[in-house]
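Everything below concerns the one structure shown next.
The values are calculated or read from the model by the stated rules, or taken from the named source; none is laboratory data. Being a predicted model, the structure only gives us computed values, none of them experimental. Cβ coordinates were reconstructed from backbone atoms using ideal geometry, including for glycine residues, and neighbour counts include every protein chain displayed.
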Amino acid sequence: MRLLPLLLSLLILSCEKLETVFIEEDLLERPPSKRCSDCHAQIFEEWKKSRHFHAWTSEQFRVESENYTKTKCLSCHAPHQVDPYKKPTLRVEFKEDGVSCVACHFKEETRAMHGPLKVWSPPHPSKQDFSYTKSNFCAGCHQETYKEWKLTKVEKTCQSCHMPSLGKRDLIQKFPFELFHLAKPRTSHEFPSLKAKPEDIKVELKGNKLILTNVGVPHNLPTADQGNPKLYVVAELEFEDGRRRTVRKLLSAQSKTALRYKEPKEIRLPKGNIVQAQVKIYRKLAWKKERELIKEVTLQTPSP
Amino acid sequence: MGFKKVLLLLTAVAGLSFSADKIVLKKPPASLDKYYPPASNKFEFLSNMHAMSTARTGITVNINEGNWEKALYWAKELKKIYVETSKMVPEWKDYFKPQLADNLIKAVESKNVDKVIEASRKFLQTCAKCHQDNELAVKLTYRFPSFEKIKIEDPVEFMEYETGKYMKAMTDSMKAMKIYLMQGEGDKAQEAGLNFVERARQLRTMCAKCHTNKLSEEVIVGKDYEEALAKLEELLSAEKPNKDDIFKTLGSITVSCTKCHNVHIMPAMVREAFGK
């Protein structure tokens, strides 16, 4: 009786086609992301909170693409296959999935799911692929931001900030298969559009110039390829003669007025001796109506 | 010889479209909207025009080679698309005369070049009539962007304006700058001028709505434009702004205005007049 498990194990191990026994064929036919959630429930839930999930169905995109008739915009919003540097082609199926699971992870060339981890995954072939850890993976669609990042020569990758580590976690949540897997180092699939911290923007008052420098975000601030996120700078000025003036500036990705990394940007202020400037900086994401405060600072002449 | 006659005739009829002393633009019927963006990105109506044009050339090419069978295939193809097209825009159905397409088929069947020329001439006149009445208006309506839907956020007021209103705010600030300079009010000129510079910089966001590859943006609001705006900013910030230098710099900025207007303003005006 004790020999039975051993015999069974031997039988299984001797089977040359073992790899294909547990394959779920539909997974290799570019299924919708919901299908992936059968096993990868947590990753699916994270992705549903991301802009990648909303890439196609976002009302903003529908309007800006003139009801999906601006064809050159479409492929990045529903890519067939994401590869380093390459602008993707438009996916035919399940466009509403936006930048879907298979768009990033399924490769036609190998008919396997690619990712940064080495995994044992009987339902589909898997291949460890380190390109997932590099910034150029994102460059096919986020071309402008990638170019900006490259100019900064900063080591941190896109993934370092926009796919933050979640520590070790289970990749699958499907009983009883989850019991056969060890937790692996996982990164977030929410792809957060991070908000700059107050210390990321240095603000100085030098005479009649307000000088803003992006010292913390290794790409333009704000950044986008086709969207138009904005920074709003509002400076309440107090002059020596008691005059008060408000100066407003709009910095945006598309007007090429965004703050480049470590490159001071001068904002000219009205003539006169400024004794104090109260500066507020807000941001507005491309798909949002609301402005969010990033930084508020009061400066005196000479700048402290 | 026969082929040459056919070719000449076809060219002459096509060329009739715009030989007129007066061009009247009629607003295209609303039923045409569904064949163009934003309702459709397949350009169904235009595709049919191309298909008919190809079929027409198919007749000519094959008659020239003495291949009457293939010419007949294209003649039948031409009729099929012609009839299909006649049903696409009900308001234009009277432009179409399917009987003349049948006559063209019969002429090709007869293998008589003179009959083909005569049937073609009559048939193509129906195309020419519709083109003469509508082609220009259709092109201006559907092949240029709709500016009235584009909104730009004003960098001075932080409010979203429609294109026309934005252009007015921008040129008003430029004109105010000029007036203050001419009146010798430097501080006011600086304020108005800096507002103009900001608004002129933000214009680029409008281009980006359609010009995704950035190259056309560079041609119109590229390096020269940016440098001129930076120079204007510099000149305005001088203790005593130099009017002549400012006006000269303004001249190089307006080159970009002209370039863009040369491409976009006339179709935009036509669209606006049509209320499209």
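Would a scan of region B:90-105 turn up a residue that is at pLDDT below 95 and of a type outside the set (Asp, Glu)?
no
Pairs, please: C-beta under 6 Å, at least 6 apart or cross-chain, first residue over 20 Å from B:VAL138 (Cβ atoms) and in region B:45-59, second surrounded by fewer than 19 Cβ atoms within 10 Å (Cβ to Cβ)?
B:ALA55/B:GLU77
With respect to A:LYS230, is the statement that it is under 14 Å from A:TYR282 (Cβ atoms), under 25 Å from the mean Cα position of the chain (by Cα) and surrounded by 17 or more Cβ atoms within 10 Å (Cβ to Cβ) true?
Details: under 14 Å from A:TYR282 (Cβ atoms): yes; under 25 Å from the mean Cα position of the chain (by Cα): yes; surrounded by 17 or more Cβ atoms within 10 Å (Cβ to Cβ): yes.
Answer is yes for this residue.
Inspect region A:145-155 for any residue being of a type in the set (Asp, Glu) and either over 19 Å from A:GLU45 (Cα atoms) or outside the structural domain of A:ARG35 (by TED's automatic domain parsing) (or both) and give the result as yes or no.
Going residue by residue through region A:145-155, those that are of a type in the set (Asp, Glu) are A:148, A:155.
Cutting the leftovers down to either over 19 Å from A:GLU45 (Cα atoms) or outside the structural domain of A:ARG35 (by TED's automatic domain parsing) (or both) gives us A:148, A:155.
Checked against the condition, which is being of a type in the set (Asp, Glu) and either over 19 Å from A:GLU45 (Cα atoms) or outside the structural domain of A:ARG35 (by TED's automatic domain parsing) (or both), region A:145-155 yields at least one hit.
Evaluate the following for A:PRO122: is it part of a loop (DSSP other than H, G, I, E, B) and either among the polar types (S, T, N, Q) or modelled with pLDDT under 95 (or both)?
Values: part of a loop (DSSP other than H, G, I, E, B): yes; either among the polar types (S, T, N, Q) or modelled with pLDDT under 95 (or both): yes.
So A:PRO122 passes the test.
Give me the helices (runs of 4 or more DSSP H) completely within region A:1-74, filtered to those with at least 1 residues that are modelled with pLDDT under 95, ordered by residue number. Spell out the reasoning first.
On the way: elements: A:3-14, A:18-21, A:33-36, A:41-48, A:51-54, A:59-64.
Those helices (runs of 4 or more DSSP H) span A:3-14, A:18-21, A:59-64.
Out of the helices (runs of 4 or more DSSP H) lying entirely within region B:124-211, which hold 2 or more residues that are facing chain A (nearest Cβ under 9 Å) and surrounded by 20 or more Cβ atoms within 10 Å (Cβ to Cβ)?
Hits in region B:124-211: B:186-202, B:204-207.
Taking B:GLU191 as meeting all but one of (1) at pLDDT below 95; (2) within 27 Å of A:PRO229 (Cβ to Cβ), write down the number of the exception.
With (1) at pLDDT below 95; (2) within 27 Å of A:PRO229 (Cβ to Cβ) applied to B:GLU191, the lone miss is (2).
Please enumerate the residues belonging to region A:162-220 that are among the basic types (Lys, Arg), assigned to a loop (DSSP other than H, G, I, E, B) and under 30 Å from A:ALA277 (Cα atoms).
In the first step, residues of region A:162-220 are kept if they are among the basic types (Lys, Arg); the result is A:168-169, A:174, A:184, A:186, A:195, A:197, A:202, A:206, A:209.
Narrowing the set further to residues that are assigned to a loop (DSSP other than H, G, I, E, B) leaves A:174, A:195, A:197.
Result: A:LYS195, A:LYS197.
Which residue, of B:LYS70, B:LYS97, B:LYS79, B:LYS115, is of a type in the set (D, E, K, R), in contact with a Ser or Thr (Cβ under 6 Å, 6 or more places away or on another chain) and more than 14 Å from chain A (Cβ to nearest Cβ)?
Matching residue, one of B:LYS70, B:LYS97, B:LYS79, B:LYS115: B:LYS97.
To keep it simple, each residue is scored yes or no on (1) without any contact (Cβ under 8 Å) to a residue 24 or more places away in the chain; (2) more than 12 Å from A:GLY98 (Cα to Cα).
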site	(1), (2)
A:ARG30	no, yes
A:CYS36	no, yes
A:SER50	no, no
A:PHE53	no, no
A:THR57	no, no
A:SER65	yes, yes
A:TYR68	yes, yes
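Find all pairs meeting these conditions: Cβ atoms under 8 angstrom apart; at least six residues apart or on different chains; first residue within region A:282-297 and assigned by TED's automatic domain parsing to the domain that holds A:LEU231 and without any contact (Cβ under 8 Å) to a residue 40 or more places away in the chain; second residue surrounded by 12 or more Cβ atoms within 10 Å (Cβ to Cβ) and of a type in the set (Phe, Trp, Tyr).
A:LEU293/A:TYR282
Does A:GLU96 meet the test of being more than 14 Å from chain B (Cβ to nearest Cβ), in a helix (DSSP H, G or I) and under 28 Å from A:LEU182 (Cβ atoms)? Steps first, answer last, please.
Working: more than 14 Å from chain B (Cβ to nearest Cβ): yes; in a helix (DSSP H, G or I): yes; under 28 Å from A:LEU182 (Cβ atoms): no.
No, not satisfied.
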